[in-house]
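**Q** Next up is a structure, given as structure tokens.
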Amino acid sequence: MNKLIITAALTGAATVPSQSKYIPITPEEIANDAVACVEAGAAVVHIHARDPHNGMPTGDMEIFGEILTRIKERSNVVICTTTGGGFQMTPEQRVRVVPTWKPELATCNMGSINFALYQAMRHLKSEDYRFDWEEEYLRNSEDYIFKNTFRGIRTYLDFMNAAGTRPEFELYDVGHIYNMAHLIEAGVIQTPIWLQFVLGVLGGIQATIPDLVTMVTTADRVIGRENYNWSVIGVGYPKEFELATAAMFMGGHVRVGLEDNLLVKRKTLATNQQLVERMRRIAEEFEREIAGPDDVRQFLNLKGIENVGY
Ligand code: KMH
Ligand code: ZN
């Protein structure tokens with residue numbers, strides 16, 4: 001597809017609210033950001049839930065349901081729910097959103113990695129933290145393994161198949177491409193597939209152009225160019241925009257949003273809407289058309305908004 005898919009990752013689980021007042025927390029704030037991002041050019045929104053009282057990532061199904069319902073009331077955007085969850089969640093808690101709410105698209109993380117956030121602490125003093133869980137959450141990430149075993153991946157995919165939910169595969173390092181190839185060969189995953197290359201997590205491959213080229217050329221060789229479509233996440237600023245711009249010229253699509261990056265310009269905190277707007281401006285500068293939600297439904301062969309469970 002020649003049109004560019006912009007995904008907006010609105011809140012995530014890899015930041016704490018004290019890092020930016022613009023991170024949406026409540027279902028209402030998340031839905032408002034979703035609608036604003038769609039108006040700005042996003043065709044997909046990637047959704048995590050947070051406890052409305054303290055901003056902690058949560059696997060609470062009622063909160064998820066409220067977010068999804070509020071968005072659907074106001075927009076036909078494609079929703080891609082997380083199954084990555086938050087650091088304190090079990091695999092059962094992470095996947096539950098799929099059988100409960102049967103979204104069109106959900107993430108499926110393709111391997112286990114260290115997933116460290118403690119570097120964010122360099123920018124925060126003890127008195128900056130708004131909630132008591134935040135400092136410990138960042139500090140404990142030094143000892144966190146983001147667990148995605150082969151059995152786990154198979155279980156996530158079983159839930160997705162049963163719900164008619166298409167997976168968006170998240171690949172954080174070169175080895176995850178080989179994990180993918182193994183599961184394709186084993187018949188667990190059927191091509192064509194939709195990949196998200198995630199570059200810049202501390203624990204995975206880093207967010208540079210040579211690293212993106214490594215991921216794409218490895219996937220071309222190991223999975224086969226004709227068997228996948230892809231998008232990229234560059235974690236941090238300005239990497240989010242650097243990698244997205246490169247991806248546009250390499251046949252890829254892009255994800256921006258406060259899950260991955262907090263700045264819209266150097267030293268300037270962003271809103272989700274501003275991140276999508278900047279991405280759209282970059283795309284339009286190169287005369288690139290922007291995909292809408294229905295373009296994505298057709299392109300990724302999604303089941304349609306009328307078949308979700310919310
Ligand atoms: N929660 C992070 C450890 C996903 O949404 O599937 C990873 C994550 C990926 O957010
Ligand atoms: Zn996520």
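**Q** Considering only the stretch 157-167, state which residues are farther than 13 Å from Leu183 by Cα and surrounded by 15 or more Cβ atoms within 10 Å (Cβ to Cβ).
**A** Residues satisfying the conditions are Phe159, Met160, Ala163, Gly164, Thr165, Arg166, Pro167.
**Q** Let me ask you something else. When you scan the stretch 78-97, do you find a residue that is more than 16 Å from ligand 1 (Cβ to nearest atom) and not aliphatic (A, V, I, L, M), even just one?
**A** No, the conditions are met nowhere in the stretch 78-97.
**Q** Consider the stretch 123-133. How many of its residues are charged (D, E, K, R) and either at pLDDT below 95 or within 16 Å of ligand 2 (Cβ to nearest atom) (or both)?
**A** Qualifying residue count, the stretch 123-133: 3.
**Q** Here's a follow-up. Among the residues of the stretch 96-112, write down those that are within 14 Å of ligand 2 (Cβ to nearest atom) and either under 13 Å from Lys147 (Cα atoms) or assigned to a loop (DSSP other than H, G, I, E, B) (or both).
**A** Pro103, Cys108, Asn109, Met110, listed by residue number.
**Q** Could you list all residues from the stretch 78-95 that are within 12 Å of Lys147 (Cα to Cα), modelled with pLDDT of 95 or more and not in a helix (DSSP H, G or I)?
**A** Passing the criteria: Thr83, Gly84.
**Q** Follow-up question, since we're still on this one. Quick one: which helices (runs of 4 or more DSSP H) sit completely within the stretch 114-205 and have at least 1 residues that are of a type in the set (Gly, Ala, Ser)?
**A** 150-163, 174-185
Residues are listed down the side, and each one gets a yes or a no for (1) within 14 Å of ligand 2 (Cβ to nearest atom); (2) within 18 Å of the chain's Cα centre (by Cα):
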position	(1), (2)
Asp33	no, yes
Glu39	no, no
His48	yes, yes
Met56	no, yes
Leu68	no, yes
Glu73	no, no
Cys80	yes, yes
Gly84	yes, yes
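The values are calculated or read from the model by the stated rules, or taken from the named source; none is laboratory data. Every value quoted in this text rests on a predicted model; they were computed, and no experiment measured them. Glycine also receives a Cβ, built like all others from the backbone with ideal geometry; neighbour counts cover every protein chain displayed.
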